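Have a look at the structure below before the remarks.
The values are calculated or read from the model by the stated rules, or taken from the named source; none is laboratory data. Model, not experiment: these values are computed from the prediction. With ideal geometry, Cβ positions are generated from the backbone for all residues, glycine too; neighbour counts draw on all protein chains shown. Ligands, DNA and RNA are stripped out before the accessible areas are found, and what is left, the full protein with its side chains, is counted by its heavy atoms. Shrake-Rupley method; radii C 1.70, N 1.55, O 1.52, S 1.80 Å.
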Amino acid sequence: MSHHAALPQIMGILNVTPDSFSDGGRFLAPRQAIERALAMVEEGADIIDVGGESTRPGAAGVSLQEELDRVIPVVEAIAARVDALISVDTSKPEVMREACAAGAGMINDVFALQAPGALAVAAGTKARVCLMHMQGEPRGMQVDPRYDDVVAEVRNFLAARVAACLEAGIPRDHLVLDPGFGFGKTHEHNLALFRQLPALVVDGLPLLVGVSRKSMIGKMLGDDRPPRERITGSVAAALLAAQRGARILRVHDVGATRDALRVLAALA
Ligand code: 9MG
């Protein structure tokens, strides 16, 4: 066995949106979503991240009722069938509350619990919380993102959200931090954050990295490479993130990522 730190956990992405960028529409029905979740667990997912509102650049929000209708039946059904931790990808406190009541054990919020009431709801659950950095909001975030020092600003934001969570009564050991690749960042911003990943660790808290199939991977491979043809590049980035200390990798391609991590563990 290796003496190196444990491998990161794999968070498999389960989109239950009709407009999702890389598997849009395919997993909308609960039955298909459940099958996909089971397949990801079989491939080695430790966490299943269920999202009912697209956060891709330019995406419009969905109503509370629509999001609940998409997410809750899927969380309930998966919770009854798998051991994996279920994460709910939402910024709406009501969805957080209902999803945790239905079996979710993690809240993945790209808005870092800044919605009114979100801190209190999260504190009232036993769930882990992923706090992600985003400049702006999905609709306009890629228009003209600007920073003086992207690494310092992202780190300061995350530190401030950690303080807000502790103040609200969320235990420190429930928190996970995420620089939010592609969320109000240019390609250069993304590269700076990735290269300096270890500098983003606040108070020793675990980092989650999500770069799977994103446009930053497409850019590195040559422009217009469609999301489905970014798998190998995404796995390469996931490995590097693991080497730089990421504790959770949020990915579409669970089996490929698991294989790469196993090889890393054997050779490191
Ligand atoms: C929902 N979502 C899309 N990309 C993401 C990322 O990079 N991190 C987290 N936490 N959530 C994401």
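Heavy atoms only, probe 1.4 Å: what % of the accessible area of region 9-267 goes to carbon and sulfur, would you let me know?
Carbon plus sulfur share of accessible area: 50 percent.
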Keeping every protein chain present and rolling a 1.4 Å probe, give me the accessible area per residue for the chain in Å². 44 Å²
To make sure I understand the rule: partners must be lysines, Cα under 28 Å from the Cα of K126, and not fewer than 8 residues away in the same chain. Which ones qualify? K92
Calculated from backbone phi, Karplus (6.51, -1.76, 1.60) coupling profile of region 165-175 in Hz, x at Gly/Pro: 5, 5, 4, 7, x, 7, x, 3, 6, 9, 8
Label model pair A60, D148: point-to-point distance (7 angstrom along the Cα→beta-carbon line) in nm is 3.8 nm
Along the charge dipole of the chain, pointing to its positive end and built from +1/-1 on Cβ of Lys, Arg, Asp and Glu, which listed residue (L208, S91, F194) has its Cα farthest out? F194
Extension length gain for R31 and E167 (0.36 nm per residue less Cα distance), in nm, is 45.0 nm
What does the convex hull of the Cα atoms of region 17-162 come to per residue, in Å³, rounded to a whole number? 118 Å³
With only helices counted (DSSP H, runs n ≥ 4, each -39500 (n - 2.57)), the per-residue ellipticity at 222 nm for the chain, to the nearest 500, works out to -12500 deg cm²/dmol
Long-range amide H partners of D178, meaning residues 5 or more apart or on another chain whose placed amide H is closer than 5 Å, are L131, H133, L208
Mind grabbing the base-10 log of I(q)/I(0) for the chain at q = 0.13, 0.15, 0.17 Å⁻¹? Debye formula, identical points on the C-alpha positions, no solvent, two decimal places. -0.81, -1.13, -1.51
Students often forget the sequence filter, so: which lysines lie under 23 Å Cα-Cα from K219 once same-chain residues fewer than 8 apart are removed? K185
At a Förster distance of 22 Å, what's the computed FRET efficiency of E42 paired with A80, Cβ-Cβ distance as r, to 0.05? 0.85
Restricting to DSSP loop positions (anything but H, G, I, E, B) with no more than 13 other Cβ atoms inside 10 Å of their own Cβ, which trypsin sites (Lys or Arg not before Pro) remain in region 64-163? K126, R139, R146
